[in-house]
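Notes to accompany the following structure.
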Amino acid sequence: MTEKTGLRRVVSLFTETFGLGRGVACTTVFVIGLLGLFTAFWFVKSSPPSHIIITTGPAGSLFQTNAEKYRVILARSRVKLTILPSHGSMENLQRSDDPRFHVDIGFVQGGVTNGAHLDKLASLGSISYQPLMVFYRGTGMVETLAELDGKRLAIGAEGSGTRLLALTLLAANGIEPGGATALTNLDAGEASNALLKGDVDAVVVMGDSASPQVMRQLLRAPQIQLMNFAQADAYTRRIRYLNKLNLPRGSIDFGKNLPARDVNLIGPTVELIAREDLHPAVCDLLLEAAREVHGKASLMQRRGEFPAPLEHDFPISEEAGRYYKSGKGFLYRHLPFWFASLVNQVLVVIVPAILLLVPAVRLIPTLLKLRVKLRLYRWYRALLQLERELMVDAPGNREKFLKRLDDIETTVNRMRLPASFADQFYGLRGHISFVRQRLGEDLTQPNREAA
């Protein structure tokens, strides 16, 4: 009941103030309410999310560890990051492209798409190198994958980028599943234990599915060697997404001289991929986190080398490209993230609305005034016409003139006008009375003359 009364008051306000009919007033109120709801909806929709989801890798993997660092950094800006463990790059890619998982971002190593067109995904840039390491048992020197033909190899779990890259490299050396070489799909931890026990002859590990602890354990284990890729240059020229990397002598342990020689490795870069509709403010926030986590110097990269706009399987998003050229937006550089987001929403939604509404609001009174004046002038014209005819032919058309004047007066009295035009409205009624008075005088004048 209260809501209906309130609505009636609003409609009455429009009818009385602007002289609108009830139907037009109701339509106006409805349109204004609809515009208000749309503005509120767009204001909420344009705000950056306070919660995003990342798909990473197995527990303890480098992907998982980096995601934990991202979570701490994003929490400073009041953005919650939920981490979904996975088997590695392949599963991350599948989840990112599948709307059922609602994943916003993920770590994916280069080369896992196999040429598939994933139009809904874009890259925020490469964040690190991902070296592929082949550990084998024995004291001899193994420098090519072809030397592992006929051996027992653990090539990574299903869904991992490690397994996909291992199969690609082995195929290039004529080693295929089902052949003389026994290929097993063990995860990094199981593969490491199997190698140490002698159940397999070699294992392939990468950071998308292996933890740093597993790699250090194998590097320090006796009778376990890290393969030197003597054909590293050839691999990088034949497979475009691979890079030649170098692990310097003694870089793991100076005292024990681990490794005992420079080791050539190969590996892709890791890309931070996102859905194409990721909010621009969150894109900036993620790249700031990536710079903090991956921008330091390490064994495989120089300081400031990552993140970088290196385009491989995915196009660099427009927002990421803008970030690499000019950094964060002005507001986000000088204000806290939440406050900058609020100001940005006002600038994007409220200011354009004001710029559109102000001219419209200034124009409405002018149009309304013109409309009311035209309505009044119509009856002034009719009144003037009647008065002219009265001066020419009054005595013989008394009833006709009175009926026309009554019609004009009745119609004018039914007019609904804004209160601001009351003076002109009563002025018109006064002029109608004046003409009626003239009509009476003109009709009685012949009678006086006759007398």
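The values are calculated or read from the model by the stated rules, or taken from the named source; none is laboratory data. Worth saying up front: this structure is predicted, and the values here are computed from it rather than measured. Cβ: placed from backbone, ideal geometry, glycine included. Neighbour counts: every protein chain shown. What goes into the accessible areas is simple: the full protein's heavy atoms, side chains included, and nothing from ligands, DNA or RNA. Shrake-Rupley method; radii C 1.70, N 1.55, O 1.52, S 1.80 Å.
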#### Entry: Hits in segment 311-330 - residues which are touching a Ser or Thr at 6+ places or on another chain (Cβ under 6 Å) and either over 16 Å from Thr113 (Cβ atoms) or not in a loop (DSSP other than H, G, I, E, B) (or both)
Ile316
### Task
Could you check how many residues of segment 75-105 are under 24 Å from Leu186 (Cβ atoms), polar (S, T, N, Q) and either touching a strand residue (DSSP E or B) at 6+ places or on another chain (Cβ under 8 Å) or outside any helix (DSSP H, G or I) (or both)?
3
### Query
If you check Ala422, Ala353, Ala360, which single one turns out to be under 30 Å from Val282 (Cα atoms), at pLDDT below 85, open to solvent by less than 50 Å² (accessible area, probe 1.4 Å) and of a type in the set (A, V, I, L, M, F, W, C)?
Ala353
### Query
If we keep just the residues of segment 100-130 that are modelled with pLDDT under 90 and of a type in the set (A, V, I, L, M), which is nearest to Asn66 (Cα to Cα)?
Val112
### Message
Among (1) more than 15 Å from Glu276 (Cα to Cα); (2) touching a Leu at 6+ places or on another chain (Cβ under 7 Å); (3) surrounded by fewer than 23 Cβ atoms within 10 Å (Cβ to Cβ), there is one condition Met90 misses while meeting the rest; what is its number?
### Response
(3)
## Note on the structure
Given (1) touching a strand residue (DSSP E or B) at 6+ places or on another chain (Cβ under 8 Å); (2) open to solvent by less than 50 Å² (accessible area, probe 1.4 Å); (3) modelled with pLDDT under 90, Thr15 misses just (1)
### Query
Which fully enclosed strands (runs of 3 or more DSSP E) of segment 106-205 have 3 or more residues being in contact with a helix residue (DSSP H, G or I) (Cβ under 6 Å, 6 or more places away or on another chain) and open to solvent by less than 50 Å² (accessible area, probe 1.4 Å)?
121-129, 202-205
#### Entry: Any pair with Cβ under 6 angstrom, 6 or more apart, that starts in segment 261-274 at a residue that is outside any strand (DSSP E or B) and ends at one that is open to solvent by less than 10 Å² (accessible area, probe 1.4 Å) and polar (S, T, N, Q)
Pro268/Gln109; Pro268/Gln130
### Query
How many residues does segment 206-218 contain that are in a helix (DSSP H, G or I) and either open to solvent by less than 30 Å² (accessible area, probe 1.4 Å) or within 16 Å of Ala67 (Cα to Cα) (or both)?
3
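For every residue, the table says whether it meets (1) in contact (Cβ under 8 Å) with a residue 24 or more places away in the chain; (2) more than 28 Å from Leu310 (Cα to Cα); (3) not aliphatic (A, V, I, L, M).
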position: Gly125; (1), (2), (3): yes, no, yes
position: Gly150; (1), (2), (3): yes, yes, yes
position: Ala154; (1), (2), (3): yes, yes, no
position: Glu158; (1), (2), (3): yes, no, yes
position: Leu165; (1), (2), (3): yes, no, no
position: Ile175; (1), (2), (3): yes, yes, no
position: Glu190; (1), (2), (3): yes, yes, yes
position: Val203; (1), (2), (3): yes, yes, no
position: Pro212; (1), (2), (3): yes, no, yes
### Query
If you take the residues of segment 276-310 that are part of a loop (DSSP other than H, G, I, E, B) and charged (D, E, K, R), which of them is surrounded by the most Cβ atoms within 10 Å (Cβ to Cβ)?
Glu305
### Message
Taking the conditions exactly as written (crowded, with 20+ Cβ neighbours inside 10 Å and not in a strand (DSSP E or B)), does Ser251 satisfy them or not?
### Response
no
